[in-house]
1. Find all pairs meeting these conditions: Cβ atoms under 7 angstrom apart; at least six residues apart or on different chains; first residue within segment 33-50 and over 9 Å from K96 (Cα atoms) and small (G, A, S); second residue at pLDDT 95 or above and not in a loop (DSSP other than H, G, I, E, B).
2. Sort through S71, S98 and tell me the only one that's farther than 22 Å from A51 by Cα, of a type in the set (S, T, N, Q) and more than 16 Å from the ligand (Cβ to nearest atom).
3. Here are the criteria: (1) more than 11 Å from the ligand (Cβ to nearest atom); (2) not in a strand (DSSP E or B). Tell me which single one K47 does not satisfy.
Amino acid sequence: MSIQNTRGVPLAKKPLVEKLDVLSAHSPSHTHTMSNPNIPQKSPIVKKMPAGTYWWCACGLSKDQPLCDGSHKGSGIAPKKVELTEEQTVAWCGCKHSADGAFCDGSHKGL
Ligand code: FES
């Protein structure tokens with residue numbers, strides 16, 4: 001189906017549904033899944049962290065990487081709790097594809 005004006009002249013070469021599909025594929029509200037989280041960066045975020053409880057962003061949508069800022073709501077992906085019993089330097093996964101959860105395992109090299 002094509003869109004036509006009142007004189008029957010086509011206004012669009014592609015069907016409207018196809019154009020909507022293209023728009024939704026690039027919409028910021030499209031759903032990220034556990035197997036397809038957003039990728040903030042393809043390298044670890046290395047930080048010296050004091051002892052404490054942290055919530056690592058697993059969806060990749062947080063503006064406060066590598067930690068959760070609540071942006072995951074509606075994404076279907078929950079943050080991961082990390083407890084550090086002492087101060088340590090952590091290589092947080094920044095690509096959200098590590099098999100080791102919050103911690104970089106080198107998986108970013110394959111992205
Ligand atoms: S940053 Fe994700 S595995 Fe290295």
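The values are calculated or read from the model by the stated rules, or taken from the named source; none is laboratory data. Source: prediction; values computed, not measured. We place every Cβ from the backbone using ideal geometry, glycine too, and count neighbours over all the protein chains shown.
1. S43/H108
2. Only one candidate passes the filter, namely S71.
3. Condition (2) is where K47 drops out.
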